[in-house]
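*Asks:* Below is a structure I'd like to ask you about.
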Amino acid sequence: QVRLAESGGGLVQTGGSLSLRCAASGSLFRIYTMGWYRRAPGNGRELVARMTRDGRTDYNDSVKGRFTISGNISHIYLQMNNLKPEDTAVYYCSAFVNAQGSVWGQGSQVTVSS
């Protein structure tokens, strides 16, 4: 079993920066990808950024140039710069794991005030 633990997030003004961290534990060799998703009030969950085992990255168009995903399969980070009010959401770390499916962290609140 793979488990995820998140930290980071918080409250910031428009234009500010925050970071998120996710630590994976368990059968790390079974992880295919890790990434960050978010859910804003009244919206569905959407991909923010993800990373494959070999380091390829993929971003939601709305965060390109502002957010950076980094790390490796055991730890991933999301650096969020130039934050906007529309980035306000609960952010979830996620891993896609062989024979386990999608695994989720507990969620971290990110609030951007205007």
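*Asks:* Could you figure out which of (1) basic (Lys, Arg); (2) surrounded by 12 or more Cβ atoms within 10 Å (Cβ to Cβ); (3) at pLDDT 95 or above; (4) farther than 19 Å from GLN106 by Cβ isn't true of ARG38?
*Replies:* Unmet condition: (4).
*Asks:* In addition: Is region 58-76 home to any residue that is open to solvent by less than 50 Å² (accessible area, probe 1.4 Å), at pLDDT 95 or above and in a helix (DSSP H, G or I)?
*Replies:* Scanning region 58-76, I find at least one residue that is open to solvent by less than 50 Å² (accessible area, probe 1.4 Å), at pLDDT 95 or above and in a helix (DSSP H, G or I), so the answer is yes.
*Asks:* Further, regarding this structure: For region 86-114, name all the residues that are open to solvent by 50 Å² or more (accessible area, probe 1.4 Å) and either over 16 Å from GLU6 (Cβ atoms) or touching a residue at least 40 places away in the same chain (Cβ under 8 Å) (or both).
*Replies:* In the first step, residues of region 86-114 are kept if they are open to solvent by 50 Å² or more (accessible area, probe 1.4 Å); the result is 86, 92, 96, 98-100, 102, 104, 106, 109, 114.
Result: GLU86, TYR92, PHE96, ASN98, ALA99, GLN100, TRP104, GLN106, GLN109, SER114.
*Asks:* Among the residues of region 31-52, how many are aliphatic (A, V, I, L, M) and more than 15 Å from LEU78 (Cα to Cα)? Break it down stepwise before answering.
*Replies:* So the first thing to find is which residues in region 31-52 are aliphatic (A, V, I, L, M), and the list is 31, 34, 40, 47-49, 51.
Okay, now just the ones that are also more than 15 Å from LEU78 (Cα to Cα), so 31, 40.
The qualifying residues number 2.
The values are calculated or read from the model by the stated rules, or taken from the named source; none is laboratory data. All figures in this text were calculated on a predicted structure; none of them were measured in a lab. Reconstructed Cβ throughout: ideal geometry from the backbone, glycine too, with neighbour counts over all protein chains shown. With ligands, DNA and RNA removed, areas are computed over all heavy atoms of the protein, side chains included. Shrake-Rupley method; radii C 1.70, N 1.55, O 1.52, S 1.80 Å.
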